[in-house]
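Below: one structure, written as structure tokens.
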Amino acid sequence: MKKNNLTLIIMLLLGLVAGALVGQLLSSVPGASFLTKSVGLSWQPKADLLVIKYDLELEVKLNIISIAGLAAAFWIYRKL
């Protein structure tokens, strides 16, 4: 498989999504509450240039398990 930036980005996004899904599944386990507590990061760029106006909102919720999924995806990418 050819390694390029698009493959890396897709792998990292899949790792984040997989980690978030595992975090959702473990949210009902009382002993794993420290692993599933999420922190939200948001970014809201806006511009009004008289001709065009845009407003974009990007929000990411991270927890320890999603970061572990990100690390696992990067490790798998390196092994390809």
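Would you say Leu13 is of a type in the set (A, V, I, L, M, F, W, C) and at pLDDT below 90? Considered against the rule, which asks whether it is of a type in the set (A, V, I, L, M, F, W, C) and at pLDDT below 90, Leu13 comes out as no. For the stretch 46-80, the tally of residues that are among the aromatic types (Phe, Trp, Tyr) and farther than 18 Å from Ile10 by Cα stands at 1. Here is the figure for the stretch 30-65: residues that are assigned to a strand (DSSP E or B), surrounded by 11 or more Cβ atoms within 10 Å (Cβ to Cβ) and not aliphatic (A, V, I, L, M) total 1. List every residue pair whose Cβ atoms sit under 7 Å apart, with the two residues 6 or more apart in sequence or on different chains, where the first one lies in the stretch 1-25 and is surrounded by 12 or more Cβ atoms within 10 Å (Cβ to Cβ) and the second, anywhere, is polar (S, T, N, Q) and not in a helix (DSSP H, G or I). Short answer, once both residue conditions are applied: Gly23/Asn63. Close contacts from the stretch 51-77, counting a first residue that is within 18 Å of Gly40 (Cβ to Cβ) and a second that is hydroxyl-bearing (Ser, Thr, Tyr) and modelled with pLDDT of 90 or more, with Cβ to Cβ under 7 Å and a gap of 6+ residues or different chains, come to Glu57/Ser42; Leu58/Ser42; Glu59/Ser42. In this structure, is Leu6 at pLDDT 90 or above, assigned to a loop (DSSP other than H, G, I, E, B) and out of contact with any helix residue (DSSP H, G or I) (no Cβ under 9 Å at 6 or more places or on another chain)? No. Summed over the stretch 10-50, the residues that are over 17 Å from Leu62 (Cβ atoms) and β-branched (Val, Ile, Thr) give a count of 2. Being closer than 17 Å to Ala18 by Cα and modelled with pLDDT of 90 or more is a property that Ile64 has.
The values are calculated or read from the model by the stated rules, or taken from the named source; none is laboratory data. Since this is a predicted model, take the numbers as computed values, not measurements. So basically every Cβ, Gly included, is an ideal-geometry build from the backbone, and we count neighbours across all protein chains shown.
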